[in-house]
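Student: If you scroll down you'll find the structure; I have some questions about it.
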Amino acid sequence: MLGRLTAEAVGTFLFFFVGAGSIVMYDVLAAGGSGSPGLLGVALAHGLALAVLVSALGAVSGGHFNPAVTFGVWIMGRIRTGAAAQYAAAQLVGALAAGFGLSVAFSQAAWAPSHIGTPALGTGVDPLAGIAVEAVLTALLVLTVIGTAVDPRAPKIGGLAIGLAVTADILVGGPLTGAAMNPARWFGPAVAAGYFDNWYVWWIGPLLGGGVAAALYRWVLAPDEPVA
């Protein structure tokens, strides 16, 4: 179990350090008048980092790096309750390390505009709409995880599809909610930056979306038991 928890903590740390760091770098380059990576660059930073890390550490821990994914895998009956709780704790520890690591790597003037890349609601997006958006985006992510990594019929494509799902979600939902799809993705930067506006959006939305997607897959999409 120690190896699996370490993989979850380290993978979450690296995923968020690159992902949230790309948002801080976006602001740094924009403020300096240089060409910034824009939304596409931020989406690719998250998606590519996740694809690589799932491929690298999936054999160790499953490569969840997300309490919503762990919740979905738990609903699928592929992880025990105690282990799922330990996974979530390891992910939150990795998230905190990434948040505080970025607060040290960049000056406060650099990370203050985005609160170290903490997800936030876009203009005109209220919390209820934010929860709905996060739920839909996370449902896509969790369906992809289960369909390509959990289901024994899954194609052997490593983390590619999962990274692509995150990239697509950020391209659509980034301006609306930050497209966290992950309570830990909000938690680490938010705690490090001391920014907690509408905090419940990034807990309720991802867990709701991930839970519904997993339940749909387990009880509707999974293959029936073969007839004797």
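The values are calculated or read from the model by the stated rules, or taken from the named source; none is laboratory data. Source: prediction; values computed, not measured. With ideal geometry, Cβ positions are generated from the backbone for all residues, glycine too; neighbour counts draw on all protein chains shown.
Student: State whether the residues of the stretch 145-164 include one that is in contact with a Ser or Thr (Cβ under 9 Å, 6 or more places away or on another chain), over 21 Å from residue 57 (Cα atoms) and not basic (Lys, Arg).
Tutor: Checked the stretch 145-164: no residue is in contact with a Ser or Thr (Cβ under 9 Å, 6 or more places away or on another chain), over 21 Å from residue 57 (Cα atoms) and not basic (Lys, Arg).
Student: Here are 137, 208: which of them is farther than 27 Å from residue 52 by Cβ, surrounded by 16 or more Cβ atoms within 10 Å (Cβ to Cβ) and in contact (Cβ under 8 Å) with a residue 12 or more places away in the chain?
Tutor: Testing whether each residue is farther than 27 Å from residue 52 by Cβ, surrounded by 16 or more Cβ atoms within 10 Å (Cβ to Cβ) and in contact (Cβ under 8 Å) with a residue 12 or more places away in the chain leaves just 208.
Student: Can you say whether residue 82 is on the phi > 0 side of the Ramachandran plot and surrounded by fewer than 18 Cβ atoms within 10 Å (Cβ to Cβ), as far as the supplied structure shows?
Tutor: No: the conditions fail for residue 82.
Student: Against the condition in contact with a Pro (Cβ under 8 Å, 6 or more places away or on another chain), surrounded by fewer than 16 Cβ atoms within 10 Å (Cβ to Cβ) and either touching a residue at least 24 places away in the same chain (Cβ under 8 Å) or not in a loop (DSSP other than H, G, I, E, B) (or both), how does residue 153 come out, does it pass?
Tutor: It is true that residue 153 is in contact with a Pro (Cβ under 8 Å, 6 or more places away or on another chain), surrounded by fewer than 16 Cβ atoms within 10 Å (Cβ to Cβ) and either touching a residue at least 24 places away in the same chain (Cβ under 8 Å) or not in a loop (DSSP other than H, G, I, E, B) (or both).
Student: Take the stretch 79-135 and flag every residue that is outside any helix (DSSP H, G or I) and among the small types (Gly, Ala, Ser).
Tutor: Those that are outside any helix (DSSP H, G or I) and among the small types (Gly, Ala, Ser): 107, 112, 114, 117, 120, 122, 124.
Student: Which one of these does residue 174 not meet: (1) within 16 Å of residue 20 (Cβ to Cβ); (2) at pLDDT 95 or above?
Tutor: Residue 174 satisfies all of (1) within 16 Å of residue 20 (Cβ to Cβ); (2) at pLDDT 95 or above except (2).
Student: May I pose another question? When residue 201 is evaluated against the numbered criteria (1) over 17 Å from residue 94 (Cα atoms); (2) more than 18 Å from the chain's Cα centre (by Cα), which criterion, by number, is the only one it fails?
Tutor: (2)
Student: On to the next question. Which one is surrounded by the fewest Cβ atoms within 10 Å (Cβ to Cβ), of the residues in the stretch 159-184 that are touching a Gly at 6+ places or on another chain (Cβ under 7 Å) and under 20 Å from residue 214 (Cα atoms)?
Tutor: 164
Student: Can you tell me which of (1) modelled with pLDDT of 95 or more; (2) surrounded by fewer than 24 Cβ atoms within 10 Å (Cβ to Cβ); (3) over 24 Å from residue 45 (Cβ atoms); (4) hydrophobic (A, V, I, L, M, F, W, C) is the one residue 121 doesn't meet?
Tutor: Every condition holds for residue 121 apart from (3).
Student: Testing residue 173 on (1) of a type outside the set (Ser, Thr, Tyr); (2) part of a helix (DSSP H, G or I); (3) in contact (Cβ under 8 Å) with a residue 60 or more places away in the chain, one condition comes back false. Which one is that?
Tutor: (3)
Student: Let me ask you something else. Among (1) touching a His at 6+ places or on another chain (Cβ under 9 Å); (2) surrounded by 24 or more Cβ atoms within 10 Å (Cβ to Cβ), there is one condition residue 193 misses while meeting the rest; what is its number?
Tutor: Tallying (1) touching a His at 6+ places or on another chain (Cβ under 9 Å); (2) surrounded by 24 or more Cβ atoms within 10 Å (Cβ to Cβ), residue 193 fails exactly one: (2).
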